[in-house]
Amino acid sequence: ATTTSIAGGVTQDELRRIAQEAGIDPKFLELAEIQPETRTKPLFLGLGEEFVYELPYSLSEQAERDFVDEVGACVKIFQSTVVGSTKRVQLGQAMLFGNLEITTRLGKTTVRLRQGPLRPYFAGLHLPLILGFVFAISLGVTGNMYGMIAGIASIFIGFGLFWFLAQSGRRTAESKWLEIVEILDRCASKDRNRGVTSLAPDENSELHLRA
């Protein structure tokens, strides 16, 4: 028998007995006991980041739509596409510009945010890089050392500004990711209350993939 004590000193067996007496479907109790998995990893030499949040159960289509709608209230959404079982949403705010992916497959829902340095590059490095090379090459050829030095200095300043803006984008992504996770948890909770959340299929069930 299971005797592991959980919140309030109640064992899992006692909690299941209470749920049974209250007429609660055992699968929803199982859902409550499962903890979502979250992880992060750096991208683009540390100038970007990937955030992953995996629910061990699938969301309904309605919950996915609610999730995207609520995300759109906290960040700007530029484009949304569906590829197979994955919905991709391009979003941005300030120096944050990345892709949010929602994949519901094999009884699990994975939400992934990839934030890259594209916007910081165009905002901080693109123009100084072009001007720096133009000044350094054209003026350097004519023997104008001051122009060459100015061109090289412009490139270094651009790299410094790019790094600063990229770090700002990472911080914005981290902050917005916390909001996105809260929204996802809220939508998943509504799904469970509606009784439409499903666990991963068992070995004998037919696998059903939905876009």
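The values are calculated or read from the model by the stated rules, or taken from the named source; none is laboratory data. Bear in mind the structure is a predicted one, so any value in this text is a computation, not a measurement. We place every Cβ from the backbone using ideal geometry, glycine too, and count neighbours over all the protein chains shown. SASA here: full protein model, heavy atoms, side chains in, ligands and nucleic acids out. Shrake-Rupley method; radii C 1.70, N 1.55, O 1.52, S 1.80 Å.
With protein chains left intact and a 1.4 Å probe, residues in region 62-200 average 52 Å² of accessible area per residue.
A straight line joining the Cα centroids of region 50-119 and region 120-157 runs 39 Å. When the square roots of the Cα gyration tensor eigenvalues are ordered a ≥ b ≥ c, the ratio a/c for region 35-95 is 1.5 or more and a/b does not exceed b/c, which makes its shape oblate. Projecting label points 7 angstrom from Cα along Cα→Cβ for C74 and I137 puts them 4.5 nm apart.
Split the accessible area of region 42-125 by element, probe 1.4 Å, and carbon with sulfur accounts for 54%.
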